[in-house]
Amino acid sequence: MSDVITVRGLVKRYGDLRAVDGIDLDVRSGEVFSILGPNGAGKTTTVEILECIRKATSGEVNILGHDLGNGSKEIKKEIGVLPQQFNAFELLTTRENIAFFANMFDRRVDIDELIALVDLEHKRDTYFKNLSGGLKQRVGIAIAMVNDPKIVFLDEPTTGLDPKARREVWDVIKGLRAKGRTIILTTHYMEEAEVLSDRLAIMNGGKFIAMGSPREVVEQHGGGRSCIVRGGGDAAMRSLQDMMPRQNDGDVSVSIADKGDLVRIVSALERDNVPYDEIMLKRPSLEDVFLKLTGRRIEEGDVSG
Ligand SMILES: Nc1ncnc2c1ncn2[C@@H]1O[C@H](COP(=O)(O)OP(=O)(O)O)[C@@H](O)[C@H]1O
Ligand SMILES: [Mg+2]
């Protein structure tokens, strides 16, 4: 697979703040690449530089063979953008809104095909203001597609949506990927990044602190599996004290290095007659990776994106 976006040493400064602090990035054709990070990490600044909306302080960006700067005009023809906090005309219908934006480009696309792409046939003639949050985002994705772009940027497309609406947007994104579009997605939802991404970067404080497929990132930084003794409480803590147990809400967890550890845990609990609800094995998640690398939770103190 060839790279469609190459970024080297990208920096964006606002006064003393390095909102983007020297990132490198290669996005391959046809993949969903996510930038996962908490509020203020620098996600929007990064993608808006790639979208030719903001100017970088320094660094090199090449998109589809064009350099940012003198190639921006060519780049803009080939990309689609769903901005963070997207809005359309309240008193235009789904179809009218998409047609309005489509008319700004030379390239002719079939409006009804776009409406089908985001599964909005049943809302074709509904005013934008009367759509739910999830449906509005799907109109936004259709608008991002009006110039038939090769690369689509979606900045926090599901922030603030309920779980059902979020999943429906995921289905639309999966559909775009199946049609061969390259997608750059930003999100602060772990599960979203895990479910949708071919590869992702975890961003914090303007830097990429981990990069790879969700599985690679978890394997490299997740810190191995752990065994959870649910409801084990203080008795399990005492019984497993040699294995560096941690307690959280009565659940006791122990890091597992090999199968022998599991046997040792179960034997110790048997030996000491420790009551518990169940024993389970837990593989680390992207959340664990973020916690391990930064010492905090990604959605902690989040407002709305
Ligand atoms: N135009 C701007 N002027 C000054 N600071 C900004 C500007 N845009 C963003 N920032 C700051 O840069 C940092 C990164 O912001 P942003 O890229 O919006 O992060 P994210 O999208 O990950 O939430 C934040 O600290 C934000 O306050
Ligand atoms: Mg943002």
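Each reported figure results from applying straightforward, stated rules to the coordinates on display, with no laboratory input. Given the structure is predicted, the values throughout are model-derived calculations rather than measurements. FYI the Cβ positions are ideal-geometry reconstructions off the backbone, even for glycines, and counts take in every protein chain you see.
For residue 180, what charge total do you get from the other residues with a beta carbon under 11 Å from its beta carbon, if Lys and Arg give +1 and Asp and Glu give -1? Counting the neighbours of residue 180, the net charge comes to +3.
Exposure proxy for 67, 110: other Cβ atoms within 10 Å of each Cβ, ordered fewest to most, give 110, 67. When the Cα positions of 206, 29, 183 are compared along the charge dipole of the stretch 3-220, 206 comes out farthest toward the positive end, with charges on each C-beta of Lys, Arg, Asp and Glu. Report the paramagnetic label zone for residue 3: residues of the stretch 192-213 whose backbone N is under 16 Å from a point 7 Å from Cα along the Cα-to-Cβ axis. Residues 199-201, 208, 211-213 fall inside that zone. Rounded to the nearest 20 Debye, what is the dipole magnitude of the chain about its Cα centre when Lys and Arg each give +1 and Asp and Glu each give -1 at the C-beta? Here the size comes out at about 480 debye.
Our summary gives the chain a relative contact order of 20 percent, counting only alpha carbon pairs under 8 angstrom and 6 or more residues apart. Near residue 20: Cβ cut-off under 9 Å, other residues only, Lys/Arg at +1 and Asp/Glu at -1. The net charge is +3. Subtracting the Cα-Cα distance of residue 164 and residue 72 from 0.36 nm times their residue separation leaves 29.4 nm of extension gain. Projected label points at residue 18 and residue 116, each 7 Å from Cα along the beta carbon direction, are separated by 5.0 nanometres. Residue 111 sits among other residues whose Cβ lies under 11 Å from its own Cβ, and their net charge, with Lys and Arg +1 and Asp and Glu -1, is -1. Pick from 69, 223, 250 the residue whose mean-square fluctuation is largest in a GNM of the chain, springs joining Cα atoms under 10 Å. Looking only at 69, 223, 250, the biggest GNM fluctuation is shown by 250.
When 109, 263 are sorted by how many other C-beta atoms sit within 10 angstrom of their C-beta, beginning with the fewest, the order is 263, 109. Cβ crowding within 10 Å, taken as a proxy for footprinting-reagent exposure, orders 290, 100 from fewest neighbours to most as 100, 290.
Rounded to the nearest 20 debye, the dipole magnitude of the stretch 1-95 is 240 debye, with +1 charges on Lys and Arg beta carbons, -1 on Asp and Glu beta carbons, and the Cα centre as origin.
Largest GNM mean-square fluctuation across 267, 253, 213, computed for the chain with C-alpha springs under 10 Å, falls on 267. Along the axis of the charge dipole computed for the stretch 247-296 (Cβ charges of +1 for Lys and Arg, -1 for Asp and Glu, origin at the Cα centre), the listed residues 255, 273, 289 are led at the positive end by 289. Helix 259-271 and the longest principal axis of the C-alpha atoms of the chain enclose an angle of approximately 50°.
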